[in-house]
1. Is the shape of segment 1-127 rounded, prolate or oblate, going by the alpha carbon gyration tensor and its root eigenvalues a ≥ b ≥ c, with a/c under 1.5 for rounded and a/b larger than b/c for prolate?
2. Hey, got the dipole for the chain? About the Cα centre, +1 on K and R Cβ, -1 on D and E Cβ, debye to the nearest 20?
3. List, in order, the whole-Hz ³J(HN,Hα) value for each residue of segment 208-221 obtained from phi through the Karplus relation with A = 6.51, B = -1.76, C = 1.60 and θ = phi - 60°; use x for Gly and Pro.
4. Whole Å is fine, so just give me how far the alpha carbon centre of segment 61-93 lies from that of segment 164-204.
5. What list of ³J(HN,Hα) values in whole Hz, one per residue of segment 107-120 in order, does the Karplus curve 6.51 cos²θ - 1.76 cosθ + 1.60 (θ = phi - 60°) give from phi, with Gly and Pro shown as x?
6. In 5 Å bins starting at zero, report the fraction of Cα pairs in the chain per bin as a rounded %.
7. Apply the Debye scattering formula to segment 124-236, with a single equal point scatterer on each alpha-carbon and no solvent, then give log10 I(q)/I(0) at q = 0.17 Å⁻¹.
8. Normalised by the empirical 2.2 N^0.38 Å for globular proteins, what value does the Cα Rg of segment 83-188 take?
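The values are calculated or read from the model by the stated rules, or taken from the named source; none is laboratory data. Keep in mind the model is a prediction, meaning the values are calculated, not measured. For neighbour counting, all protein chains shown are included, and Cβ atoms are generated from backbone atoms with ideal geometry for every residue, glycine included. To get the accessible areas, we keep the full protein, side chains included, count just its heavy atoms, and leave off ligands, DNA and RNA. Shrake-Rupley method; radii C 1.70, N 1.55, O 1.52, S 1.80 Å.
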Amino acid sequence: MTAPTEAHKAFPRTIAIDGPAASGKTTVGSLLAEELGYLCVDTGIMYRAVTWQALAEGIDLEDEESVTKLAEQIDIDILPRSVEDGRPFDVLINGLDRTWEIRSPEVNQNVSLVSSYPGVREAMTRQQRKIAERGKIVMLGRDIGTVVLPQADLKIYLDASVEVRAKRRYAEEIARGNSVCLNDVIESLKRRDAYDSTRKVAPLRAAPDAIVINTDTLTVPEVIAKIKEILQQCDP
Ligand code: CDP
């Protein structure tokens, strides 16, 4: 693979990567951003952070008003990783490292409900647009190309079958020393996908001008190579 030229770095300045759970957005997005010298912002982290904090504070997650209030006040920071334990970034919630807590099964189970609340989305979208204003950004999520950054210079939609995604997520969990069952992972992804794609506000879907990449049979370097090919075609 060749290193990106200055021209590639200059354009596009905002890259939106959307897709369902475990489609490889975080791995691909963070490596791509590193190669381009861009900032990678994984917006899923923000919804996970609100969910984790609400659970930690004992807030009833069905209580939309309280969860929304929390989303408006929470301080979420994403910093370069301080520990080499497989994490792509450090995630701080109200100043404390919560990188792994936000990946717990309890958060997985509840994050789709929390992210379906319009007020929560408004608060997160506001922060995401502010971060993106600086440019040179790879932003990952479900609604980046459709809602958060409809003017993004390049929109990618990463897809893969639920079986392939579940196997990847299962391998990640096992590598982290967590004991999980593949069938439970499949069911959890299906439930989250169904919820995310049918919600009223900002549902998961590819923007009409997004380039869809099915990653079922592609390795991470192959996906990155494909995106870089697309980037070359974006050259002025
Ligand atoms: O890493 P994984 O693909 O499992 O999920 P994630 O990207 O961390 O996102 C977790 C959840 O946050 C999703 O299932 C969505 O419910 C929600 N989310 C969202 O609604 N909008 C985004 N832009 C990003 C995530």
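1. prolate
2. 480
3. Coupling constants for segment 208-221: x, 9, 7, 9, 8, 10, 8, 9, 3, 10, 10, 7, 4, x Hz.
4. Computed from Cα coordinates, the inter-centre distance equals 20 Å.
5. Karplus values, whole Hz, x for Gly and Pro: 5, 3, 6, 10, 5, 5, 5, 4, 7, 8, 6, x, x, 5.
6. Histogram of Cα-Cα distances, whole percents per bin: 1, 6, 14, 19, 21, 18, 13, 6, 2, 1, 0.
7. -1.02
8. 1.23
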